[in-house]
Amino acid sequence: MKISKIFCKPLIIIVAGAISLLFSSKIVAQGNFKKAIFRESGYAVPEQKVQSNVRLNEINPQAFRHFRKNHPNVEQEYWEKTQNGLIAHFKNGDNLSLAYYDNQGAFLYSVKYFEESALNNELQKRIKREYPGFQFDILTEVNDEIKTIFLVTLKNKYAMKSLIIDQGEIRVIDDLNYAGL
């Protein structure tokens with residue numbers, strides 16, 4: 001009697017473990033099979049991982065569809081829910097970008113940070129000609145699907161200038177002198 005009780009409990013645990021292992025391997029096999037079917041049918045299976053500070057089902061479907069349509073091949077996608085809506089943070093190549101959506105999922109605007117080399121050559125030359133002795137520091141593109149503006153921060157060891165470039169017009173929006181530092 002005592003021997004059967006001692007062996008009965010571990011036996012039940014082993015059998016339950018084997019059954020759960022069997023079912024989990026079938027689920028994994030089915031998942032791999034589905035991916036293979038998608039690949040054979042010509043549909044791409046995105047391997048992107050989405051991270052978020054909210055549950056994925058709380059991300060507005062309209063915002064998510066708009067984002068995936070306009071940014072299909074991004075890395076490090078992270079969704080953040082704010083009081084005013086959603087922000088999708090992501091990398092597109094070497095560029096860090098953000099896409100802003102309101103609470104109803106409507107696209108508001110996107111912000112892209114980029115290097116000097118990605119700026120239009122003609123615009124680069126014009127800025128360097130108009131602001132000699134300054135180097136590019138921060139370059140930002142803001143796009144609301146109707147209009148694109150650029151925010152450019154220039155600096156040298158004596159000053160920093162913030163420019164806004166809108167339809168080819170360059171305006172200084174901030175001019176800071178380092179006051180002898």
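Only the coordinates and a few stated rules stand behind these numbers; no lab work does. None of the values given here were measured: they were computed from a predicted structure.
Consider all pairwise Cα distances in region 116-177 and report the whole-number % of them above 14 Å.
Result for the distance tail: 55 percent.
Is the C-alpha gyration tensor of region 48-107 telling us rounded, prolate or oblate? Criteria: a/c under 1.5 is rounded; beyond that, a/b larger than b/c is prolate, otherwise oblate.
Prolate, since a/c reaches 1.5 and a/b exceeds b/c.
Considering amide H positions built from the backbone, and no H for Pro or chain starts, which residues 5 or more places from residue 96, or on another chain, come under 5 Å of its amide H?
It is 113, by chain and number.
Quick one: of 91/112; 125/157; 91/128; 125/155; 91/147; 69/91, which pairs are farther than 18 Å apart, Cα to Cα?
Among 91/112; 125/157; 91/128; 125/155; 91/147; 69/91, the Cα-Cα distance tops 18 Å for 125/157; 91/128; 91/147.
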